[in-house]
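J.: Before I ask anything, let me first share the structure, which is written out below as structure tokens.
The values are calculated or read from the model by the stated rules, or taken from the named source; none is laboratory data. Treat the numbers as computed from the prediction; the structure is a model and nothing was measured. Every residue, glycine among them, receives a Cβ derived from its backbone with ideal geometry; neighbour counts consider all protein chains shown.
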């Protein structure tokens with residue numbers, strides 16, 4: 001079944017700059033939808049889309065809503081998001097008539113971290129940045145996935161060197177199924193889909209933010225810069241990841257410390 005969804009008429013700078021479909025666009029849409037349908041059939045009511053509300057994730061949310069797939073949608077409110085990202089949550093819920101689960105870090109743990117290390121801890125060392133990501137992202141994600149059999153992400157191989165090894169269907173560190181339906185999509189196809197279907201998106205994309213994370217850790221990129229150059233730009237190790245999709249970071253001592261915390265079970 002397919003729902004009729006109102007057009008949000010996106011016509012911003014990001015659409016104009018990036019909406020360039022490849023010859024295989026229609027087939028990729030069909031394949032992505034088939035992946036989502038197969039995932040939903042394999043684990044009915046047991047999977048969730050983990051969305052950051054980035055362009056790729058909004059495409060997946062549109063496919064889920066448009067075709068009424070039984071896939072929950074959840075996002076991580078780190079407490080450090082841009083105002084534009086927070087506003088997009090409500091706009092997306094209104095546009096599609098659905099509920100987005102909101103998962104937050106443990107408030108006491110976040111306060112203690114800031115009190116101990118300062119509000120700019122992520123800039124003091126790579127280790128503290130990983131610890132901050134673990135506290136604000138990995139631990140809430142673990143709660144989001146608890147009791148679920150799998151999850152869906154907007155990872156694309158084109159996004160970074162670290163993601164080139166990603167697959168359409170993977171297993172995460174806990175053995176859960178993980179699907180990346182847009183794994184082989186180009187940026188042009190992502191934005192062509194957004195234009196074609198009037199998908200709501202974060203206005204920061206129009207201001208040259210191709211990858212959007214927490215406010216202190218994200219900046220706009222210049223022409224010719226890497227897709228993820230605006231993430232943790234003060235670091236020199238070249239790995240622009242928080243650990244959600246790169247196992248090396250998820251296995252770090254800082255990440256494990258917070259992943260192993262037994263904090264709350266409800267969003």
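J.: Name, by its number, the condition in (1) modelled with pLDDT under 80; (2) more than 17 Å from residue 137 (Cα to Cα) that does not hold for residue 202.
T.: The number of the failed condition is (1).
J.: I'm trying to understand the selection: among the residues of segment 14-53, which are under 18 Å from residue 205 (Cα atoms) and under 21 Å from the mean Cα position of the chain (by Cα)?
T.: Hits for segment 14-53 are 14, 15, 18, 19, 51, 52, 53.
J.: Hey, which of the strands (runs of 3 or more DSSP E) in segment 135-243, taking only ones fully inside, have at least 2 residues that are touching a strand residue (DSSP E or B) at 6+ places or on another chain (Cβ under 6 Å) and crowded, with 18+ Cβ neighbours inside 10 Å? I'd like the intermediate steps shown before the answer.
T.: Working: elements: 150-152, 169-171, 177-179.
Where strands (runs of 3 or more DSSP E) fall fully within segment 135-243 and carry at least 2 residues being touching a strand residue (DSSP E or B) at 6+ places or on another chain (Cβ under 6 Å) and crowded, with 18+ Cβ neighbours inside 10 Å, they are 150-152, 177-179.
J.: Restricting attention to segment 73-99, and to residues there that are under 14 Å from the mean Cα position of the chain (by Cα) and crowded, with 21+ Cβ neighbours inside 10 Å, which single residue is farthest from residue 56 (Cα to Cα)?
T.: 78
J.: Which helices (runs of 4 or more DSSP H) does segment 17-119 wholly contain that include 3 or more residues that are closer than 22 Å to residue 213 by Cα? Even if it seems obvious, please write down each step before you answer.
T.: Working: elements: 25-42, 55-66, 83-96, 107-117.
In segment 17-119, the matching helices (runs of 4 or more DSSP H) lie at 55-66, 83-96, 107-117.
J.: Then there is this: Given the conditions (1) more than 21 Å from residue 172 (Cβ to Cβ); (2) out of contact with any strand residue (DSSP E or B) (no Cβ under 7 Å at 6 or more places or on another chain); (3) crowded, with 16+ Cβ neighbours inside 10 Å, and given that residue 115 satisfies all but one, which numbered condition is not satisfied?
T.: (3)
J.: Follow-up question, since we're still on this one. Kindly check whether there is at least one residue in segment 59-66 that is out of contact with any helix residue (DSSP H, G or I) (no Cβ under 6 Å at 6 or more places or on another chain) and surrounded by fewer than 18 Cβ atoms within 10 Å (Cβ to Cβ).
T.: Yes, segment 59-66 contains a residue that is out of contact with any helix residue (DSSP H, G or I) (no Cβ under 6 Å at 6 or more places or on another chain) and surrounded by fewer than 18 Cβ atoms within 10 Å (Cβ to Cβ).
J.: Got a number for residues in segment 13-53 being within 30 Å of residue 137 (Cα to Cα), in contact with a helix residue (DSSP H, G or I) (Cβ under 9 Å, 6 or more places away or on another chain) and loosely packed, with under 14 Cβ neighbours inside 10 Å?
T.: Residues meeting the conditions: 1.
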